[in-house]
1. Could you check, for the range 93-108, whether at least one of its residues is in contact (Cβ under 8 Å) with a residue 40 or more places away in the chain and surrounded by fewer than 16 Cβ atoms within 10 Å (Cβ to Cβ)?
2. Which condition number does residue 28 fail, the rest of (1) within 17 Å of residue 60 (Cβ to Cβ); (2) touching a helix residue (DSSP H, G or I) at 6+ places or on another chain (Cβ under 8 Å) being met?
3. Quick one: which of 20, 36, 16 is modelled with pLDDT of 95 or more, surrounded by 14 or more Cβ atoms within 10 Å (Cβ to Cβ), touching a helix residue (DSSP H, G or I) at 6+ places or on another chain (Cβ under 8 Å) and over 17 Å from residue 95 (Cβ atoms)?
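The values are calculated or read from the model by the stated rules, or taken from the named source; none is laboratory data. The structure presented is a predicted model; accordingly, all values stated were derived computationally and were not measured. Don't worry about glycine lacking a Cβ; one is built from the backbone with ideal geometry, like all the others, and counts go over all protein chains shown.
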């Protein structure tokens, strides 16, 4: 349930123009210092992840959610490995649901 809440917030951030998706777009936003939260697919390669950060010093929070195929399907692509949330309010809402999900999983 918490995962669906996160997806809904990502969709809202997209509609508000506060989301970047895909390697090139996310890297550009990181270079500009506009990223409040990074979301990587659980099966996104570590090599690609390192390339996202190449030449960039940042302390942006990172979460993992779903697979590349699942994120792609959710956002109208074949595959999507990385999403950047560009608004701190959307980012904090997503992080709140991540924490809620961790607590629920710990109770099970």
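1. Residues of the range 93-108 that are in contact (Cβ under 8 Å) with a residue 40 or more places away in the chain, as a first pass: 93-95, 97-98, 100-101, 104.
Going one step further and asking which of them are surrounded by fewer than 16 Cβ atoms within 10 Å (Cβ to Cβ), we end up with 100, 104.
Yes, the conditions are met somewhere in the range 93-108.
2. Here residue 28 meets the rest and fails (2).
3. Working: 36 fails: over 17 Å from residue 95 (Cβ atoms); 16 fails: surrounded by 14 or more Cβ atoms within 10 Å (Cβ to Cβ).
Only one candidate passes the filter, namely 20.
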